[in-house]
Each structure stands twice: as C-alpha cells, then as structure tokens.
Amino acid sequence: MKRIVVIGGGASGLCAALSAKEAGADVILLEHNDKLGKKLAATGNGRCNLGNAVLTADCYRGGNPQFVSDVFAECSPEQVRSWLTDRGLYLKEKRGYFYPYSEQAASVITFFASRLADKGVNVIVSAEVLKLKKEKKGFSVTYKNLVSDKVVNVACDRVIVATGGMAGQNLGAGPFGYETAKSFGHVISPLFPALVQMVARDKNLKTLSGVRAEAAVTLTTVLDGREEQHKEAGEVLFTDYGISGIAVMQLSRYAGDAIRQKGEAALSIDFLPDFSRDALTDNISKRILSDFEMPVEDCLSTILPKKLLYVIFLRAGVRADAKNEKLTAKDIRNIVKEMKGFTLPIIQTKDFPMAQVTAGGISVFGIHAATLESKLQKGLYFTGELLDVDGTCGGYNLQFAFATGILAGTAAATK
Ligand SMILES: Cc1cc2nc3c(=O)[nH]c(=O)nc-3n(C[C@H](O)[C@H](O)[C@H](O)COP(=O)(O)OP(=O)(O)OC[C@H]3O[C@@H](n4cnc5c(N)ncnc54)[C@H](O)[C@@H]3O)c2cc1C
C-alpha cells in the first residue's frame, strides 16, 4: 500500500486526501492551522460558492489556458459536483452558482472532516510542514507540531503539495508550496493579488465612499506603449481609498499585472449602461425642461445616488444646487460624459491579505494536467491555487481546487 502525505488541509488537500484514501492509499494529511479548511470556511461570505454552471474560456486566467481545459477534460465541474454529492454533500444552485444546500461554508468543513475520519485518513492539525526532501526511495516530510514544538519526520512514497496561494488574511496562506516547487526546479510565474480592491487617485473619494451602483466598467491598461481593455458589468462600491465590488474585483488582476510591471491602469465607469449617450442626453434635457424650477441634483436624484451626482456635477463644472434653467446644452453633455465615462486612475491594487486569490504561481508547463504530477519529479504533485491559474469570481477557484485535488489524490494512489 502506498503511503501518501498531503500537505495542506484546504479545498484541494481535503479532496486529495479523501480520494487517495478511497483509492486504497495510506494517507496522512498535515495542516498547520489548528483546524481544517479555515480559508474554505471564509469563502463566499461564509456561504461557500463552490462551483458554477457556466464554463467559458475567460473564467480562468494564467500562463496556459489550455491547462485548465485539460484538467477539466479529466475531471469536469459536473464530475466535481457529482463527486461531492455522491459523498453526501448536498448542493444548491442559484442562478448558476453552486453552494452547499445549507449555504454555510462551515458545513462543508464538517462534511470533509467527518468523511476523512470515517475513511481513516490520519489528519494532523497544528502541523507546520518545514521541509520536503527527495530520498533514495520516496520522500521525507518534516513538520513541526505547533502545540508541542516537536519536530517530526515522515517517510512516504508520494507527496501532494496543496498549500494554497498567498491570498487571504490569517487563513493559513504561506510561501511553502512555491519554495518547495522551486527547490525541485519548477518555474514560478510572478505572484500578485487578484480578485481584490483597487486603490484610486481622486480627490473626491471621501465624498464617494459608501456609494454603490450597478455599472459597466472598462479597465484600460498601458504597458510598454501597448493598450489593452477589459470589460465587466456588475456592482461597484466606492471606498475611501478607491473602489471595490464584483466588477472591479474581476478586473483587478489585469490592473495589478500592468502596475507591477510599471505600466498604467485606469477605470472608466458607465453608471447608466442601459442608455446610449444620445438617449441619456435627450432624456435629461427633457426632464430638465419639464421640471424648470428644480435644482438639478433633485431633478436627477432618482437616476443615481446623490453623493455620486454631487461628484459628477463637480467634475462637469455644474453646481448641484443650480436651478435647471441655468444649465446649457454643454453642461448637460458634460454631465452625461461623467455619468457614462467616469474615469478613475488606479495607483495599485490592495495586497494579498485583502485578495481572494493569487495570480501567478507554479508554471503549469511543468505539471501533467491529467494527474497534477510534477514533470520534474515523479511522485510529487501540486494542486489548487499554487498553480499559475486564477479563476474569476463565481466559484471558479474552488471548482479548480477540488478538481485538481481529486485528480492528484486518485493518481497518487493508483498510478
Ligand atoms: C475571503 C475569501 C473568499 C473566497 N471566496 C471564494 C468563493 O466563494 N468561491 C471560490 O471559488 N473561491 C473563493 N476563494 C478562493 C478559494 O478559497 C481558494 O482559491 C481555494 O481555497 C484554494 O484552494 P487550495 O487548496 O489551493 O488552498 P487553500 O484552500 O488555501 O488550502 C491550503 C491549506 O494549506 C495550509 N498550509 C499552508 N502552508 C502550510 C504548511 N507549511 N504546512 C501545513 N499546512 C500548510 C493552509 O493553512 C491551508 O489550510 C476565496 C478566498 C478568500 C480569501
């Protein structure tokens, strides 16, 4: 019987440990937190959005998009969900987003913990892995028991490194997996935070802080004279340092990537994507003409939040309390320009503690997609967020972590 050590008791490590055990291996799972799945418990605002019915090429980013297709060709999102439900995890779909039926991430941890115990996986928490070494036969894994301070060596045939990325505050993230991969000759693509808030330059951020809107957002990046645009639609939320919200988080990896390479990034926000510029100009002109005596901010207050209108008027050079009859056609054009193209230069993104996922990571050119085994070291596997793959919001990162964990666990036990 093969002995397999799984390092990391997060999304991919839990699947890897369970599938390896079910495939007949003797499995030890080492987790340095005092409980399993601490990050998993924080996902989806505590509800754990663990998959998505939609899968298109732009759901994942990274150095080799083909790798993700190859992984899902072996274990598709539907197979991941069947794997979970077959083992007793009830799922619920809401507009294509999958959650545990309880909508409680904690219940997913309970599910895994009881399954692992039931199958006889040796789970050791408060066990910080310090070193992984190739021996003549197999590997040795050295960990420190964080309760007793005792250092322990474990000999094994195969190792699955599932230590996750750098994202998330106090949830167990650390560099162990990247350093280990590097020590075995793997290339690490530069790491940077993704699915994260952006820090903007604008003197009115304090006024805007707290404003939420549904918008169409375009990110323009310029790097080495080359301009790129990425578009998203969804909620934006202003903060005192910049901007957040799903649409912004989705675009953040492109902004972060450009800025870390000394390029530039700026957002253009269309707060009224349902109207063309002409239709909006026409609409506002008519409203203003029909409400002759009203201050312009009152007249437009049902279109957008007042604080946002105030800043839009400032930018357009129009006084918010100006009576409508004072506005010229040019004033209205300027207001419409700001409503449909509110620009926000981005200085940086927030750092890893605030991010939901790590962009960059172990180059997937060095990993077999079907098994997650290293192409450089037989018997060594890498899963989940450690790899140079980052998913968009919507359950894509957990879906990928689960699929890679299932594949690695099964392959390590059987191949
Ligand atoms: C706040 C937040 C919300 C999120 N929400 C969602 C969501 O709703 N849907 C979604 O798809 N994705 C979400 N994600 C992303 C998702 O959680 C991760 O991409 C996913 O958990 C990665 O799985 P993993 O197995 O690679 O790593 P992890 O789940 O991070 O697991 C790695 C484990 O390894 C342990 N570890 C690290 N180093 C060592 C060591 N040296 N020794 C022993 N153990 C170690 C860690 O403590 C951790 O338990 C969210 C992330 C965050 C931070």
**Report entry** Mean-position separation - Cα centroids, the range 10-60 and the range 362-403, in angstrom
**Finding:** 12 Å
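Using a probe radius of 1.4 Å on heavy atoms only, what accessible surface per residue do you get for the chain? Whole Å² is fine. List each step's numbers first, then the result.
Working: 18300 Å² over 415 residues.
Accessible surface, normalised per residue, equals 44 Å².
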Query raised in the report: In terms of Cα to Cα distance under 18 Å, which aspartates and glutamates are near enough to Lys39, apart from those fewer than 8 places away along the same chain?
Result: Glu31, Glu103, Glu128, Asp351, Glu385, Asp390
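So between Ser148 and Met1, what do we pick up on full extension, going 0.36 nm a residue minus the alpha carbon distance? Could you put the intermediate results ahead of the total?
Working: separation 147, 0.36 × 147 = 52.92 nm, distance 3.00 nm.
Computed gain between Ser148 and Met1 is 49.9 nm.
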**Report entry** the range 212-289 versus the range 123-181: alpha-carbon centroid distance in Å
**Finding:** 42 Å
Query - Diffusion constant of the range 197-350 at 4 °C, which comes from Stokes-Einstein with the Kirkwood Cα-pair radius and 1.567 mPa s, µm²/s - result: 81 µm²/s
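For the range 126-184, what relative contact order do you get, as a whole percent, if you take Cα pairs closer than 8 Å and at least 6 residues apart?
Numbers: 80 pairs, mean separation 14.4, N = 59.
So the answer I get is 24 percent.
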Report summary line: Most fluctuating of Gly177, Gly225, Gly242 in the GNM of the chain (C-alpha, under 10 Å) is Gly225
Report summary line: Asn170 and Ser276 label points (each 7 Å along its Cα→Cβ direction) are spaced in nm at 5.3 nm
Query - Simple spin-label estimate for Lys206 and Ile303 in nanometres, 7 Å along Cα-Cβ - result: 2.8 nm
Query - Heavy atoms of Glu228 accessible to a 1.4 Å probe, total area in Å² rounded to 10 - result: 70 Å²
Query raised in the report: In the full protein assembly as shown, how much of Arg277 is accessible to a 1.4 Å probe, in Å² to the nearest 10?
Result: 120 Å²
Query raised in the report: Under 14 Å Cα-Cα from Lys206, which aspartates and glutamates qualify once same-chain neighbours fewer than 8 residues away are excluded?
Result: Asp240
**Report entry** Förster radius 25 Å - calculated FRET efficiency between Met294 and Thr328 (Cβ-Cβ, nearest 0.05)
**Finding:** 0.90
Report summary line: For the chain, the Kirkwood Rh over every pair of distinct alpha carbons, in Å, works out to 23.1 Å
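Report the full-extension gain for the segment Ser102 to Ser114: residue separation times 0.36 nm, less the Cα-Cα distance, to one decimal in nm. List each step's numbers first, then the result.
Working: separation 12, 0.36 × 12 = 4.32 nm, distance 1.65 nm.
Computed gain between Ser102 and Ser114 is 2.7 nm.
Looking at the square roots a ≥ b ≥ c of the eigenvalues of the Cα gyration tensor of the range 1-120, which shape do they give, rounded for a/c under 1.5, prolate if a/b is larger than b/c, or oblate?
oblate
Net charge near Asp118: determine it from the other residues with C-beta under 13 Å of the C-beta of Asp118, scoring Lys and Arg +1 and Asp and Glu -1. Don't jump to the answer; show the numbers that get you there.
Values: positive: Lys21, Arg87, Arg115, Lys119; negative: Glu22.
Charge balance in the 13 Å sphere: +3.
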Report task. Return the subset of Lys35/Lys94; Lys21/Lys375; Lys286/Lys330; Lys2/Lys137; Lys131/Lys378 for which the Cα-Cα distance in this structure is over 21 Å, preserving the input order. Result -> Lys35/Lys94; Lys21/Lys375
Report task. Mind listing the long-range amide H neighbours of Val123? Cut-off is under 5 Å, sequence gap 5 or more, other chains count too, H placed in the peptide plane at 1.01 Å from N. Result -> Leu29
Requested in this report: Express in nm, to one decimal, how much length is gained between Thr414 and Asn122 on full extension, taking 0.36 nm for each residue of separation and deducting their alpha carbon distance.
Outcome: 103.2 nm
Query raised in the report: Between Phe98 and residues 5 or more places away or on another chain, which pairs have amide H atoms under 5 Å apart, with H built 1.01 Å from N, and which residues are they?
Result: Leu50, Gly51, Asn52, Ala53
Report task. Just grab the label-to-label distance for Ala53 and Glu78, each label 7 Å out from Cα along the Cβ direction, in nm (one decimal). Result -> 1.3 nm
Report summary line: Karplus-derived 3J(HN,Hα) from phi for the range 377-389 (6.51 cos²θ - 1.76 cosθ + 1.60, θ = phi - 60°), whole Hz, x at Gly and Pro, runs 9, 4, x, 10, 10, 10, 10, x, 5, 4, 7, 6, 9
Query raised in the report: So what's the back-of-envelope 222 nm ellipticity for the chain, counting only DSSP H runs of four-plus at -39500 (n - 2.57) apiece and dividing by all residues, rounded to 500?
Result: -10000 deg cm²/dmol
Report summary line: So for R0 = 30 Å, FRET eff. of Asp321-Glu235 from the Cβ-Cβ r, to 0.05, ends up at 0.55
Report task. Would you please classify the overall shape of the range 117-164 from the alpha carbon gyration tensor, given that a ≥ b ≥ c denote the square roots of the eigenvalues, rounded means a/c under 1.5, and beyond that prolate means a/b larger than b/c while oblate covers the rest? Result -> oblate
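The values are calculated or read from the model by the stated rules, or taken from the named source; none is laboratory data. Please read all numbers here as calculations on a predicted model, not as lab measurements. Backbone-built Cβ (ideal geometry, glycine too); neighbour counts: all protein chains shown. Accessible surface is based on the protein model in full, side chains and every heavy atom, while ligands, DNA and RNA are left aside. Shrake-Rupley method; radii C 1.70, N 1.55, O 1.52, S 1.80 Å.
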